[in-house]
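A quick write-up on the structure given underneath.
The values are calculated or read from the model by the stated rules, or taken from the named source; none is laboratory data. As the structure is a computational prediction, the values presented were derived from the model and not from experiment. So basically every Cβ, Gly included, is an ideal-geometry build from the backbone, and we count neighbours across all protein chains shown. The accessibility values were calculated without ligands, DNA or RNA, using every heavy atom of the protein model including side chains. Shrake-Rupley method; radii C 1.70, N 1.55, O 1.52, S 1.80 Å.
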Amino acid sequence: MTADSLSAARPLRCWAPRGVYTPQADTRLLRRALSRERITRDTDVLDLGTGSGMLAMEAARLGGRVTAVDISWRAVAVTWINALLNGQRLRVRHGDLTAALPGGRRFDLVIANPPYVPAPGDAPPRGLARAWDAGADGRMLIDRICDTAPRVLRPTGTLLIVHSHLCGTGATLTRLAAAGLSARVVERTRLPFGQVLRSRLDWLRERGLAADGTTEELVVIRAEHA
C-alpha cells in the first residue's frame, strides 16, 4: 500500500472550536457528492465558506489543488491547522466569497456549504450565528454564490452546493439557470430539526416554513455551464 493510499484510507481529523462550523449532516452529504467527481492533480478546486476546512481537505486528499476561502479569520486559522494535522496542502485565503480571489482565477470545481438557516430580522448575523444564519429567507449567501460562481468556473467546471429545502430548492435551481448554469439535485436526505431550528419553530410556522412538521430536507445541487 502506498503512502497516498494510506492517507486516503485514514479518517480526517477535524478540530472545530467555538465559533467555527462543526461538520454535520450537510457536510457529509456534500462530501458524498464530492467523492463522485473526477478529481486529479490537475483539478483546481475552490471551497467557498470553508469553515473547519473539512471539505477542502477531502478535495485535497482526492488529489485536487484546493483554495479554501472564509470571511472569518478564526475559520481561516482553523482550516490551516486542520490541513497541517492531516498532512493536506491547501491554499487558504481570508475574504468574502469570490472577492478573496485574484482577478481572473478560474476553477474546475467549486464547492459550497454556506450558512442557510432562515433567521428572524433583517440585520446581518453576528457572533456564533454567522456560521449558520442567513437572513429571513436563508438565502443571504446562497443567492450570491449562484450569481458569482459562473464567473470563477472554467467552461467545463462544476458547482456543488448544499442547503436546506427551507430556503428553497426550486429558487436555487431557477437562479442558477438565470446565471447560465444547468443544475439538478444529486443528493438529498431528510432529518429532524436541529437545536437552532427547534428554537425558532413558532417563527418558522408563522412563515409557513414548518407546515409539514419538524424535519428538513438537505439537498446537494450540481450545476455546470449549459
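Hey, any hits in the range 65-72 for a residue that's among the aliphatic types (A, V, I, L, M) and open to solvent by 10 Å² or more (accessible area, probe 1.4 Å)?
Applying the first criterion (among the aliphatic types (A, V, I, L, M)) to the range 65-72 yields 66, 68-69, 71.
Of the ones still in play, those that are also open to solvent by 10 Å² or more (accessible area, probe 1.4 Å) are 71.
The answer is yes; a qualifying residue exists.
Looking at (1) open to solvent by less than 10 Å² (accessible area, probe 1.4 Å); (2) assigned to a helix (DSSP H, G or I); (3) at pLDDT 95 or above; (4) under 27 Å from Thr189 (Cα atoms), which one does Gly157 not meet, given that it meets all the others?
Unmet condition: (2).
Kindly list, by first and then second residue, each pair from a residue in the range 181-198 that is hydrophobic (A, V, I, L, M, F, W, C) to a residue that is open to solvent by less than 40 Å² (accessible area, probe 1.4 Å) and assigned to a strand (DSSP E or B), limited to pairs with Cβ atoms under 6 Å and residues at least 6 apart or on different chains.
Taking only residues 6 or more apart or on different chains, the pairs are Leu181/Ala223; Ala183/Ile221; Ala183/Ala223; Val185/Val219; Val185/Ile221; Val186/Val220; Val196/Val117.
Within the set of pairs 6 or more residues apart or between chains, which connect a residue that is under 13 Å from His163 (Cβ atoms) and in contact (Cβ under 8 Å) with a residue 24 or more places away in the chain inside the range 14-35 to a residue that is open to solvent by 30 Å² or more (accessible area, probe 1.4 Å) and of a type outside the set (A, V, I, L, M, F, W, C) with Cβ atoms less than 7 Å apart?
Ala25/Thr189; Leu29/Thr189; Ala33/Arg222
Applying the selection to the range 209-226, what residues are surrounded by 21 or more Cβ atoms within 10 Å (Cβ to Cβ), under 20 Å from the mean Cα position of the chain (by Cα) and farther than 21 Å from Gln24 by Cα?
Within the range 209-226, just Ala223 meets the criteria.
Looking only at residues that are out of contact with any helix residue (DSSP H, G or I) (no Cβ under 9 Å at 6 or more places or on another chain) and not acidic (Asp, Glu) in the range 38-63, which one is least open to solvent (accessible area, probe 1.4 Å)? Walk me through how you get there before you give the answer.
Our first condition is that a residue be out of contact with any helix residue (DSSP H, G or I) (no Cβ under 9 Å at 6 or more places or on another chain); within the range 38-63, this holds for 38, 40-42, 44.
Adding the requirement that they be not acidic (Asp, Glu) leaves 38, 40-41.
Working: Arg38: 200, Thr40: 41, Arg41: 179 Å².
Ranking the candidates gives Thr40 first.
Kindly evaluate Phe107 against the criterion of being aromatic (Phe, Trp, Tyr) and over 20 Å from Arg31 (Cβ atoms). So that I can check it myself, show each step before the final result.
On the way: aromatic (Phe, Trp, Tyr): yes; over 20 Å from Arg31 (Cβ atoms): no.
It is false that Phe107 is aromatic (Phe, Trp, Tyr) and over 20 Å from Arg31 (Cβ atoms).
Looking only at the range 187-199, count every residue that is open to solvent by less than 40 Å² (accessible area, probe 1.4 Å) and not small (Gly, Ala, Ser) and tell me the total.
The number of residues fulfilling the criteria is 3.
I'm checking my understanding of the structure. Among residues of the range 160-184 that are under 18 Å from Leu218 (Cα atoms) and loosely packed, with under 15 Cβ neighbours inside 10 Å, which one is nearest to the chain's Cα centre (by Cα)?
Checking each candidate, the answer is Arg184.
Applying the selection to the range 120-139, what residues are surrounded by 21 or more Cβ atoms within 10 Å (Cβ to Cβ) and either among the acidic types (Asp, Glu) or more than 22 Å from Pro17 (Cβ to Cβ) (or both)?
Asp133, Gly135, Gly138, Arg139 - these are the residues of the range 120-139 that are surrounded by 21 or more Cβ atoms within 10 Å (Cβ to Cβ) and either among the acidic types (Asp, Glu) or more than 22 Å from Pro17 (Cβ to Cβ) (or both).
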